[in-house]
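Data first, discussion second: the structure below is written as structure tokens.
The values are calculated or read from the model by the stated rules, or taken from the named source; none is laboratory data. The shown structure was predicted, so the numbers you read here are calculated from the model rather than taken from an experiment. Cβ sites come from the backbone with ideal geometry, for glycine too, and all protein chains shown count toward neighbours. Areas reflect the complete protein model, heavy atoms only, side chains present, ligands, DNA and RNA absent. Shrake-Rupley method; radii C 1.70, N 1.55, O 1.52, S 1.80 Å.
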Amino acid sequence: MLFTKLVNSSFKRNLRVYGPYLVATTMLVAINYIFLAVRANESLKKLNTGAATSALLSLGFRFIFLVTIAFLIYVNRFLWQERRQEMGLYSMLGMTSRNLQWLTVIEKAYLLVCSLVGGLIIGVIFEKLAFLGLGYLLKIDHVSQSWLVPSALGETVLLMSLLFCLIMVIDLVKLHRMTPSQLWRPQTVKVKRHGKLYSFAGLVGLGLLIWAYYITVTIKPRISAIAHFFSAVLLLTVGTYLLFIIGSIVFLQFLQKQKHYYYQPRHFIAISGMRQRMEQNGASLATICLLCSSILVILFTSVTLYAGIGSTVKSYAPQNVVINSQRPLTAQQKALVNDTAKRHHATLTHQLTYTMAAPRYGYWKDDRFINQGDILHMDKQTSSSVILLTTKEYNRITKQHVKLADNQALAYANNKGHYGKVTINGHTYQAKRLNHYSLYFNPDHSIYTPSFYVINQLPKGTPTTTVTSFDYRMKGTQKQRIKFEGELQAELNMKNGQFTAKETISSLINGLYGGLVFIGILISLVLAITTTIVIYFKQISEGMADAERFATMQQVGLSEKETVKSIHSQVLMVFLLPLVGAVINLGFAFPAIRQIMIQLSLYNLPLMITVGVIVSISLLILYLVIYGLTTRVYRHIVEQ
Amino acid sequence: MNLLHISHLQKTYNANSTHPVKALKEISFDVNPGEYIAIMGESGAGKSTLLNIIATLEKASAGEILLNGQDLSSLTADQAAKYRREHLGFIFQHFNLLNSLSNRDNIYLPLVLAKVPVAEMEKRIQPLAASLGIEQIIDRYPTEVSGGQQQRIAIARALITQPDLLLADEPTGALDSNTSNEILDLFDRVNANGQTIIMVTHSAAAASYAKRTLFIKDGRIYHELFRGDDSLKQYQEEISKTMMTLTNGGE
Ligand SMILES: Nc1ncnc2c1ncn2[C@@H]1O[C@H](COP(=O)(O)OP(=O)(O)OP(=O)(O)O)[C@@H](O)[C@H]1O
Ligand SMILES: [Mg+2]
């Protein structure tokens, strides 16, 4: 058949374009399938965090699917440009528009079938692996997954077919709109002229970016932090686009007006070349920048969360079991604890009981703590909490002999604390900073990390709480330990706020954060694949444009070496720009993410910095490798 | 002394392959300062090859080529680039302007590469723009002006370095006849001011503007015509006749 032959030969001729495109779509199909298959798993749903994990997976899948749609539509534009002239030629040679439509349909069907077959094979193979990985991250060993998940297969095929239909329709509409000569004529790029409004928009972009950065830097650990973070993301997105598309041009135009600077060989070629590149690529570069930023932020957040699970668990449950009650445990309750332990062959150790003031929530006004009451009285202003402890109890439980005057206090905080002169509940103390407090914990698991103040006497009428905690030793699996802890809580008839058990809470947090890391990694992978392909296609189109420029510059008297150097340094600059932008974005997102992490009881700053640096460097290396590989294609085109 | 001296020039493409292409077999001629020479010949005769060798864009396989006493074949690639921007001006059929530069910057390009101060560039462009009639369009971009105007910009770019030799490869090839005539009149005026020009062309009308026409066939100089005191029309007929015999297989 003639059409299939034509499509075939066009595939072969344009392998440079279709090859990477197919690799990318195949991977995207595979990852979409993996998500759907993991989401469909029954044994995962039965876990106690199953609902949360499912919700996360659904959210993650939606995101990945959106990226897939955007990617297919975006890259289709490049394919269209490659195919356009060919179509124009066919139509000049007498093909009817019906014939051309057929060609388009066949082309898309080919692409769909190839990506589906390849993608599903890879997906099925790696799904099992991904599932094992998820199980590992969740720290569970009692889930299973079959080799094939038919429902996920069906869904993937359906969704992908829909997507390819969509881009096919887009192509057909484009084809319908164009006359043969329009198809045939190569597009000439015009340098656009820009008015005052344009410069203004550039400034607006810069302003939005600064605003976004201001928000992230000043975010306080309040309930509203996440909402603020998202508004910053929104501002950042708009700002980045404006700055890349318009700001860069305005800046370069400004440089062009500086005659003595502009009319020097190096600057002249670089600035005018960059200007044209930015006119053509501003939006793509902004997209690459935002993609890289998302990869950085997502990886950074999920990895730090996961790495910080230990410290989070420790702040929730400094010992295996921690009970908060208004009064000390009764003899009857103690007996219940011992009986249950016996039944489960558990030995109790390190038993400790002490009394402290119940956590109070509020905010600091200079060195004065404004007390709003207990956890139920939090509002928008709330930003911290305070726990008071008597010197007597402190000395007893830490086995020390500290003596304080009535206007003195010892203070310990995990986050930024208030020391020196402080006023709490109308009393003013001189607070000395404690570097270490082994029994530190966050009894309410609240997002406001408590500061501990050791003072001689609790003010009259201060509500107190009694902390009873102990460790236990027991042979048995994680499942059995969780069962013991659950039974203990049931026997004591206590609510979650009162009773905290380490194994239970750690499996809960592992389940949540492990799921997050899993999704974070897969999403980063998808973003990395799409970024790579976007860069690749950029290189190809740059190469085509540069081939001409290359020739003219040499004719006018630039040596080949100089030409190569100047063009390559421009290309490198264009490609490094988004990455630099992404790292800057991460740098500014850092304080905001840190505040959100603090809400999740993760205070480990060195850990966060390490993760941030490692993630950034890995991305940089990956990016440069991609750049290097794609540059070979670029050179091939330019030096033809 | 001759401005350009070429003797026994040869050029073979793909010399080491199984199908070497002998584009130039034996070319010898001299050019004196102030001359205006047209080069004609059939497609594939080797005209562009010859011009590219004079322009140092390509290297001869054998033979001697001296410009102002400088042996062009001994130049390295980098030296050639420098030489090109200091001593030669080049005009192409497709103008070869950079779309990323404004017309003004396109004209400045060779001067910027030669690190000429801004004041000097501005001083040079003014009379040039006036004589080429491009003052109105100089601050637009190449894509915003017509083909004839683009060629004028290209001519300005070639002339602004005050080259020893102006080389043109089918400069009117992409233009309609009216615009062609305007460009050729320009060449005439430029030549009257003492500028030496070598122009490759397919059109007898274009060649008739030149004072001397060389005919190339199969990599050799086949014939030579001088305009002398002929009128433009007479001379053009003579050129056409020569071309006819050339294409019909020669005498
Ligand atoms: N880079 C090259 N490699 C191999 N052969 C070449 C190359 N450039 C030109 N040739 C061959 O050299 C011969 C002369 O080519 P040239 O371009 O000089 O012709 P021309 O006289 O300018 O023709 P036209 O009037 O069509 O422009 C031709 O046979 C051509 O195929
Ligand atoms: Mg030619």
TODO: Would you mind checking the tilt of helix B:118-132 against the longest principal axis of the Cα atoms of chain B, expressed as 0 to 90 degrees and rounded to 10?
DONE: 60
TODO: On a C-alpha basis, how far is the centre of the stretch A:264-294 from the centre of the stretch B:189-251 in Å? Whole number, if you could?
DONE: 48
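For A:Leu576 and A:Leu166 in one chain, what is 0.36 nm times their gap in residues minus the Cα-Cα distance, to one decimal in nm?
Working: separation 410, 0.36 × 410 = 147.60 nm, distance 3.31 nm.
Full extension from A:Leu576 to A:Leu166 adds 144.3 nm.
Based only on Cα atoms, what mean projected area does the convex hull of the stretch A:506-599 have, in nm²?
Values: hull surface 33.7 nm².
Computing the convex hull of the Cα atoms and averaging its projections yields 8.4 nm².
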- [ ] With the Cα gyration tensor of the stretch A:306-397 in hand, give its eigenvalues times 5 under a square root as the equivalent ellipsoid semi-axes, listed largest first in whole angstrom.
- [x] 32, 18, 14
- [ ] Mean Kyte-Doolittle of at least 0.0 plus a Cα span of 24 Å or more along the axis: flag which DSSP H helices in chain A meet both, please.
- [x] A:15-39, A:50-92, A:97-138, A:150-177, A:196-218, A:225-242, A:265-307, A:502-556, A:560-599, A:605-638
TODO: Take the alpha carbon atoms of the stretch A:520-586, find their center, do the same for the stretch B:1-56, and report the distance between the two centers in whole angstrom.
DONE: 39
TODO: Measure nothing fancy, just the Cα-based angle from helix B:77-87's long axis to the longest principal axis of chain B, in degrees from 0 to 90, nearest 10.
DONE: 70
Task: Gyration tensor over alpha-carbon atoms, the stretch A:317-503, equivalent ellipsoid semi-axes in Å - done: 32, 18, 14
Task: Where the protein assembly as shown is the region considered: accessible area per residue in Å², 1.4 Å probe - done: 46
Task: Reduction of at least 10 Å² in accessible surface, 1.4 Å probe, comparing all protein chains with the chain by itself, residues of the stretch B:108-125 - done: B:Tyr108, B:Leu109, B:Pro110, B:Val112, B:Leu113, B:Lys115, B:Val118, B:Met121, B:Glu122
Task: For chain B, built as a Gaussian network whose Cα springs stay under 10 Å, the top-fluctuating residue of B:Ile137, B:Ile183, B:Ile65 - done: B:Ile137
TODO: Sequence neighbours fewer than 8 away in the same chain don't count; with that in mind, list the lysines whose C-alpha is under 23 Å from A:Lys380.
DONE: A:Lys220, A:Lys365, A:Lys416
Open item on the list: Going by Cα centres, the stretch A:241-255 and the stretch A:12-86 are how many Å apart?
Closed with: 33
TODO: Could you pull out every one of the lysines with an alpha carbon less than 26 Å from that of A:Lys538, ignoring same-chain neighbours closer than 8 positions?
DONE: A:Lys12, A:Lys108, A:Lys174, A:Lys190, A:Lys192, A:Lys561, A:Lys565
Task: Of B:Gly44, B:Gly219, B:Ser61, farthest towards positive along the dipole that unit charges on Lys, Arg, Asp, Glu beta carbons give chain B - done: B:Ser61
Open item on the list: Angle check, please: helix B:232-247 long axis (alpha carbons) against the longest principal axis of chain B (alpha carbons), in degrees 0 to 90, nearest 10.
Closed with: 50
- [ ] Determine which aspartates and glutamates satisfy two conditions relative to A:Lys403: a Cα distance under 14 Å, and not lying fewer than 8 residues away in the same chain.
- [x] A:Glu393
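Can you tell me the mean projection area, over all orientations, of the convex hull of the stretch A:457-521's alpha carbons? Units nm², please. Don't skip to the answer; put the middle values down first.
Working: hull surface 30.4 nm².
Directional mean of the projected Cα hull area for the stretch A:457-521 stands at 7.6 nm².
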Task: chain B, Cα convex hull volume normalised per residue, Å³ - done: 142
Open item on the list: Tell me the accessible surface of A:Met378 in square angstrom (1.4 angstrom probe, heavy atoms of protein chains only), to the nearest ten.
Closed with: 60
Task: Where the Cα pairs of the stretch A:1-187 fall when distances are cut into 5 Å bins, in % - done: 1, 7, 15, 17, 15, 11, 9, 7, 6, 5, 3, 2, 1, 0
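Per residue, how much space in cubic angstrom lies within the convex hull of the C-alpha atoms of the stretch B:35-138? Intermediate results must be reported in sequence, preceding the final value.
Working: hull volume 16.5 nm³, N = 104.
So the per-residue hull volume is 159 Å³.
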- [ ] Per DSSP H run of at least 4 residues, take -39500 (n - 2.57); add these up for the protein assembly as shown, divide by its residues and hand me the 222 nm value, nearest 500 deg cm²/dmol.
- [x] -20000 deg cm²/dmol
TODO: Enumerate lysine pairs in the stretch A:426-524 that are 8 or more residues apart or on different chains, then count those whose Cα atoms are under 30 Å apart.
DONE: 9
Open item on the list: Need one number: convex hull volume per residue for chain A, Cα atoms only, in Å³.
Closed with: 195
- [ ] Take chain B, connect every pair of alpha-carbon atoms lying under 10 Å apart with a spring to form a Gaussian network, then pick out the residue of B:Ser131, B:Ser17, B:Ser48 with the largest mean-square fluctuation.
- [x] B:Ser17
Task: Heavy-atom accessible surface that A and B bury in contact, both chains counted, 1.4 Å, Å² to 100 - done: 2500
